[in-house]
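The values are calculated or read from the model by the stated rules, or taken from the named source; none is laboratory data. Because the structure is a prediction, the values reported are computed rather than measured. Positions of Cβ are generated from backbone atoms using ideal geometry, with glycine treated the same way; all protein chains shown enter the neighbour counts.
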Amino acid sequence: MHMISITYLMIFSINCNISSQGMINSSYETSSQTAQRGAWMIFFRALLSSVILLLGLTGSGLMVSYSWPVSAQEPQTKAVVIMYHRFGESDFPSTNISMDQFRAHVEELKTGGYNVTSLPKIVAALINGDPLPPKTVGLSVDDAYESVYTKAWPILKAAGFPLTVFIAADPVDQHTDRYMSWDQLRELVDDGVTMGSQTKFHPHMADLTADANKTELKISNDMFLEKLGKVPDLFAYPYGEASTEVMALVKEAGFVAAFGQHSGAIGSGGELFNLPRFAMNESYGSIDRFKLAANALPISVSDITPSNPTFGKPNPPLIGFTLTWPEHGLDRLTCYASHVEKLDLQRLGKRIEIRTDKAMPPGRTRLNCTIPAGNDRWYWFGRQYYVPKKVQTD
Ligand SMILES: [Zn+2]
């Protein structure tokens with residue numbers, strides 16, 4: 001482990017030396033340019049010292065995170081999960097899919113050679129390390145709007161496609177405008193629909209104390225047991241906002257896996273309590289984007305930094321990961337973040353470091369990285385970050 005860290009530091013040092021050589025050899029520099037460069041060198045050396053210090057301070061955890069070369073590991077289990085919210089409710093375009101768009105998705109799944117299966121089966125395969133048929137796709141809906149019951153489920157049922165609905169207990173209990181009732185949910189359960197949890201009140205969990213989150217999970221699980229006869233196995237973070245602490249609490253509450261709302265394909269070896277899903281809405285619900293999503297393949301990574309998707313500082317964070325699969329195509333990897341136009345990608349063997357000088361704004365920021373896989377398919381890795389508002393104002 002130590003050797004590996006040292007190798008990493010050496011590469012930093014080598015880069016540093018090359019820079020100084022270049023500076024000395026340049027015959028076109030004015031003295032002010034030289035002074036400027038000198039200042040940059042001091043800055044760079046200070047930066048290097050900080051990195052060394054950081055590596056030392058954070059100890060073995062980070063040392064593991066820079067281990068490479070990494071041998072290619074093709075994920076045993078590969079799948080894609082799609083997420084919807086509302087169906088044919090055009091007054092909510094950001095969470096809605098039009099019925100024409102939805103019918104086109106279902107038609108594609110029927111005719112495009114996909115294996116449409118349930119989320120519990122995908123999760124079980126992930127846990128057991130079992131392979132799944134090529135082009136395995138799972139379907140999910142968040143928030144339990146009535147249009148699931150009236151518009152989407154009849155179409156999915158006719159197609160023989162399983163569905164998981166992630167529900168927050170309160171809006172159902174109060175039968176808030178356009179939410180399903182417990183009776184409607186029980187009908188869906190009888191039809192074979194899987195119910196997952198999205199807590200009681202649908203809070204920004206990463207903003208809550210551990211005790212408040214435990215209460216959310218406990219009360220909602222009790223309500224699901226009482227009203228639907230079963231405590232759900234699967235969880236979806238409200239707004240897709242996860243943190244290391246929240247993930248641990250969800251696991252502790254007895255859930256077997258949890259989903260976020262970031263794009264990407266699922267591959268074994270990833271984070272079982274922060275699984276990606278492709279969100280569909282009117283703007284991002286064309287048949288072309290659906291095909292792109294449904295055909296996505298996982299990019300397997302290890303040693304993600306920052307490991308906690310919720311953070312306050314440093315901001316911008318030092319984003320990085322080590323690519324373990326696919327084996328080839330690293331040079332064609334491109335990454336985009338929702339808060340900046342351009343990201344600087346640094347490649348160190350299989351290690352990718354992503355830099356930007358722009359801080360992530362309070363709330364959610366998404367990162368998407370892709371590698372072309374040929375035949376209009378893409379390897380895809382995504383992540384959602386969350387900057388709590390209270391930290392931002394410190
Ligand atoms: Zn939700």
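Could you please let me know if residue 147 is assigned by TED's automatic domain parsing to the domain that holds residue 215 and in a strand (DSSP E or B)? Considered against the rule, which asks whether it is assigned by TED's automatic domain parsing to the domain that holds residue 215 and in a strand (DSSP E or B), residue 147 comes out as no.
Quick check on residue 243: is it among the hydroxyl-bearing types (Ser, Thr, Tyr), under 29 Å from residue 174 (Cα atoms) and buried (at least 19 other Cβ atoms within 10 Å of the Cβ)?
So residue 243 passes the test.
Select from segment 146-172 the residues that are touching a Phe, Trp or Tyr at 6+ places or on another chain (Cβ under 6 Å) and within 24 Å of residue 258 (Cβ to Cβ) and write down the one among them that is nearest to the ligand (Cβ to nearest atom).
The initial filter retains those residues of segment 146-172 that are touching a Phe, Trp or Tyr at 6+ places or on another chain (Cβ under 6 Å), namely 147, 151-152, 170-172.
If we keep only those that are within 24 Å of residue 258 (Cβ to Cβ) too, we end up with 152, 170-172.
On the way: 152: 16, 170: 12, 171: 9, 172: 12 Å.
The qualifying residue nearest to the ligand (Cβ to nearest atom) is 171.
Would you check if residue 222 is surrounded by fewer than 20 Cβ atoms within 10 Å (Cβ to Cβ), away from the ligand (no atom under 14 Å from the Cβ), in the same structural domain as residue 98 (by TED's automatic domain parsing) and within 29 Å of residue 386 (Cα to Cα)?
yes
Residues that are over 30 Å from residue 219 (Cα atoms), without any contact (Cβ under 8 Å) to a residue 24 or more places away in the chain, surrounded by fewer than 20 Cβ atoms within 10 Å (Cβ to Cβ) and in contact with a strand residue (DSSP E or B) (Cβ under 9 Å, 6 or more places away or on another chain) occur at least once in segment 108-129.
Restricting attention to segment 173-203, and to residues there that are within 12 Å of the ligand (Cβ to nearest atom) and in contact (Cβ under 8 Å) with a residue 40 or more places away in the chain, which single residue is farthest from residue 120 (Cα to Cα)? Once the filter is applied, the top-ranked residue is 202.
Pick out the one residue from 152, 212, 206 that is surrounded by fewer than 17 Cβ atoms within 10 Å (Cβ to Cβ) and part of a helix (DSSP H, G or I). Give the derivation first.
On the way: 152 fails: surrounded by fewer than 17 Cβ atoms within 10 Å (Cβ to Cβ); 206 fails: surrounded by fewer than 17 Cβ atoms within 10 Å (Cβ to Cβ).
One residue alone meets the criteria, 212.
Residue count for segment 251-273 under the criterion of being in a loop (DSSP other than H, G, I, E, B), without any contact (Cβ under 8 Å) to a residue 40 or more places away in the chain and surrounded by 23 or more Cβ atoms within 10 Å (Cβ to Cβ): the result is 0. Within segment 76-96, the set of residues being within 16 Å of the ligand (Cβ to nearest atom) and closer than 30 Å to residue 125 by Cα comprises 81, 82, 83, 84, 85, 86, 87, 95.
Of note, residue 284 satisfies the criterion of being part of a loop (DSSP other than H, G, I, E, B) and among the hydroxyl-bearing types (Ser, Thr, Tyr). The set of residues in segment 363-394 that are modelled with pLDDT under 95 and farther than 29 Å from residue 326 by Cα comprises 388, 389, 390, 391, 392, 393, 394.
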